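Engineer: I have a structure here, written as structure tokens, and I will follow up with some questions on it.
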Amino acid sequence: MGTDNFIEKLASQFGQSATVKNVYGEPVHSGNKTIIPVAQIAYGCGGGYEQGKKKLNQLKEPINTTDDTMEEGAGGGGGMYAKAKGVYEITPTCTRFIPASGHKILVTGLLIGFVLRGLFSRK
């Protein structure tokens with residue numbers, strides 16, 4: 001069993017799955033307007049392989065020292081993360097990015113609300 005082949009295969013499978021098209025679909029065309037989804041995608045994978053002689057059991061005693069059998073073990077895994085960032089809206093007159101997150105608007109609104117409350121609640 002080769003470690004290189006295992007990790008390469010795992011990475012290529014993640015690479016094929018981690019695309020905006022697989023997560024959000026194809027761009028949408030409607031009249032003169034095209035909408036293209038934008039996403040942040042990250043993936044990682046890892047694995048390992050070891051081969052060697054079995055040396056000690058749980059009691060720290062040698063196990064059958066005349067037996068030259070080799071033992072091996074392998075493992076691997078990975079994960080993928082996808083988050084919508086927004087869309088590009090393309091029209092004949094302009095192209096604009098529309099963010100998916102309204103965090104800036106929410107924080108700005110809260111900040112303005114606290115400032116106005118502080119101004120109007122003074123006696």
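Engineer: In the stretch 85-123, how many are closer than 30 Å to E26 by Cβ and at pLDDT below 80?
Structural biologist: Residues meeting the conditions: 5.
Engineer: Taking into account only those residues within the stretch 44-59 that are touching a strand residue (DSSP E or B) at 6+ places or on another chain (Cβ under 8 Å) and either polar (S, T, N, Q) or modelled with pLDDT under 60 (or both), which is farthest from Q13 (Cα to Cα)? Full working, then the answer.
Structural biologist: Filtering the stretch 44-59 for residues touching a strand residue (DSSP E or B) at 6+ places or on another chain (Cβ under 8 Å) gives 44-56.
Restricting the remaining residues to those that are either polar (S, T, N, Q) or modelled with pLDDT under 60 (or both) gives 51, 56.
Details: Q51: 25, L56: 38 Å.
Applying the filter and picking the extreme gives L56.
Engineer: Related question: Just wondering, is there one or more residues in the stretch 19-40 that are modelled with pLDDT of 70 or more, among the hydroxyl-bearing types (S, T, Y), part of a strand (DSSP E or B) and within 13 Å of G79 (Cβ to Cβ)?
Structural biologist: no
Engineer: In the stretch 92-123, what count of residues is obtained for those that are over 31 Å from the mean Cα position of the chain (by Cα) and of a type in the set (S, T, Y)?
Structural biologist: Qualifying residue count, the stretch 92-123: 2.
Engineer: Please indicate, with yes or no, whether at least one residue in the stretch 60-78 is part of a strand (DSSP E or B), within 30 Å of P99 (Cα to Cα) and either of a type outside the set (A, V, I, L, M, F, W, C) or modelled with pLDDT of 65 or more (or both).
Structural biologist: yes
The values are calculated or read from the model by the stated rules, or taken from the named source; none is laboratory data. Just so you know, these numbers come straight off a predicted model, no measurement behind them. Every residue, glycine among them, receives a Cβ derived from its backbone with ideal geometry; neighbour counts consider all protein chains shown.
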